[in-house]
Amino acid sequence: MSDNILEIRDLHVSFDMRHGERIYAVRGIDLEVKRGEVLALVGESGSGKSVTGKAVLGILPPSASITSGSIKYNGEELTELKCDGYNRIRGSEISMVPQDPFLSLDPIAPVGAQIAESIRKHDTGGRIGREERRRGALELMREVGIAAAEERYGDHPFRLSGGQRQRIAIAAALAPSPRLLICDEPTTALDVTIEAQILGLFERLKRQRALSMLFITHDLGVVARMADRVAVMYAGRIVEIGEVDEIFYEPRHPYTWSLLSSVPSGSGGRLRIIPGYVPDMRDPPIGDAFAPRSEWAMRIDHLAHPPFFDISPTHRVASWLYHKNAPRAEMPSELRELIAARLEERRRFLMENGSDKERCEEG
Ligand SMILES: Nc1ncnc2c1ncn2[C@@H]1O[C@H](COP(=O)(O)OP(=O)(O)O)[C@@H](O)[C@H]1O
Ligand SMILES: [Mg+2]
């Protein structure tokens, strides 16, 4: 059995709009999620993260098509599946935690019943009786940290806080015991304290259920806490991929430098925003799509799309800066200082607390 639960190869997704316009949302990405790992997919809004997640789940809108490429779950090709094949995989094998549970939960049904319904829907043999579904739903509510689950069972979504609603959405996603969870900005709608608790919950679920996750977010703070590996996406392509420490402490792509420079630092506010705009995906730039916004751009960046260069066995970057004939590229000195400060912070934290994992306990 392969190490990878999910393998995406050279995936292209585009939208056909009226007037013959085409939006090239995903332009040839390669990704794999290994068993039991959290792969974070990061990038600014519009970079193609959600479209990638929807392609895996088979829930792209009718205007979208996978024009080429392959998506394999456990070795099985998903892009060739018909409706019923997808229904078998979606939910029971791959499940989704949405950004806004208000949109995914039914406003007029009690939350417990919605989880019980999720159990029923995936019980293809019809073996689980009504009372057993209710017990299963209550157990899931407790597992995701809903206090006094019996009392909450009959509540409607609007009666619950944002954090509790997200816990219910997570419970509903877990009901069919999926092995791969796709989380699309699952904490973006929450305030910081609640976000920390929900991230702690994901961390615990990953450990206890041996879940694999494709964790989509624009927030590098979330990535640092959750991810084993990170893929940085820009204009429909992966520009850099590596283990979380490689991306945070040894970033190579000018876009990753910009993203990291704009993360709030421990001591102060955002350092800077990334100048310029994400490209118009109806007419994506030739070459390195970030070149028009990059002070490191060379002539070739405007002419040809860069291949991947290996930085380590686990770290790859798509930038001409790492071609053997390119001038040596240095990250901005302010980012270098910021990284040095973060490393120092982490060193001190590890001295005081012993283990990296303790950061991740639920609040
Ligand atoms: N339903 C849609 N119709 C047309 N274009 C879309 C649709 N959904 C997404 N896109 C386009 O696809 C690109 C990627 O979008 P998306 O994956 O949602 O970005 P992200 O999740 O990274 O913010 C964007 O250019 C966006 O405008
Ligand atoms: Mg999105």
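Suppose each label sits 7 Å from its Cα in the direction of the beta carbon; what would the ASP219-ARG88 distance come out to in nanometres?
3.8
Please provide three numbers in whole Å: the alpha-carbon extents of the range 238-335 along the principal axes, with the largest listed first.
40, 33, 24
Could you list MET298, MET281 in order of exposure, starting from the residue whose Cβ has the fewest other Cβ atoms within 10 Å? Present the calculation step by step, with values, prior to reporting the outcome.
Numbers: MET298 18, MET281 21.
The order, fewest Cβ neighbours first, is MET298, MET281.
Mean residue ellipticity at 222 nm from the helices of the chain, using -39,500 (n - 2.57) per DSSP H segment of n ≥ 4 over the full residue count, to the nearest 500 deg cm²/dmol? Spell out each step's value before the answer.
Working: 12 runs with 123 residues, N = 363.
So the helix-based figure for the chain works out to -10000 deg cm²/dmol.
Using the Cα centre of the range 102-177 as the reference point, and only Cβ charges (+1 on K/R, -1 on D/E), how large is the resulting charge dipole? Debye, rounded to the nearest 20.
On the way: 12 positive and 10 negative charges, 15 e Å.
For the range 102-177, the charge dipole is close to 80 debye.
How would VAL26, VAL51, VAL42 line up from fewest to most surrounding beta-carbon atoms within 10 angstrom? All intermediate terms of the calculation are to be shown ahead of the outcome.
Details: VAL26 27, VAL51 21, VAL42 24.
Ascending Cβ contact count within 10 Å gives the list VAL51, VAL42, VAL26.
Starting from the Kirkwood Rh over alpha-carbon pairs, what translational D in µm² s⁻¹ does the range 102-177 have by Stokes-Einstein at 4 °C and 1.567 mPa s? Provide the component values of the computation, followed by the final result.
Numbers: Rh = 12.0 Å.
Calculated translational D: 108 µm²/s.
Expressed as a whole percent, how much of the Cα-Cα distance distribution for the chain exceeds 40 Å? Kindly include the intermediate steps, with their values, before the conclusion.
Values: 10700 of 65703 pairs.
Value for the chain (Cα pairs over 40 Å): 16 percent.
Taking loop as defined by DSSP and a crowding limit of 14 other beta carbons within 10 Å, which trypsin sites (Lys or Arg not before Pro) in the range 274-361 fit? Don't skip to the end; give the middle numbers.
Details: sites: ARG282, ARG293, ARG299, ARG316, LYS324, ARG328, ARG336, ARG342, ARG346, ARG347, ARG348, LYS357, ARG359; in loops: ARG282, LYS324, ARG328.
Passing both the DSSP loop test and the Cβ count: ARG282, LYS324, ARG328.
State the Cα centre-to-centre distance between the range 282-324 and the range 129-144 in whole Å.
After rounding, the separation between the Cα centres reads 50 Å.
By how many degrees, 0 to 90 and rounded to 10, does the Cα axis of helix 111-121 deviate from the longest principal axis of the chain?
So the helix axis and the longest Cα principal axis differ by about 90 degrees.
Please rank PHE102, PHE15, fewest neighbouring Cβ atoms within 10 Å first, as an exposure proxy. If you can, show how the numbers build up before the last one.
Details: PHE102 15, PHE15 18.
The most exposed by this proxy come first: PHE102, PHE15.
So how tilted is helix 333-353 from the main axis of the chain? Cα-based, degrees 0 to 90, rounded to 10.
Long axis of 333-353 versus the principal axis of the chain: about 40 degrees.
Restrict the search to the range 11-113; then list the trypsin sites (Lys or Arg not before Pro) that DSSP places in a loop and that have at most 12 other Cβ atoms within 10 Å of their Cβ. Let's see the in-between values first.
Working: sites: ARG18, ARG22, ARG27, LYS34, ARG35, LYS49, LYS54, LYS72, LYS82, ARG88, ARG90; in loops: ARG35, LYS82.
Filter output for the range 11-113: LYS82.
The numbers here are math on the coordinates, done by the rules we state, and not lab data. These figures come from a predicted structure and were not determined experimentally. Neighbour counts are summed over all protein chains in view; Cβ atoms, including those assigned to glycine, are modelled from backbone coordinates with ideal geometry.
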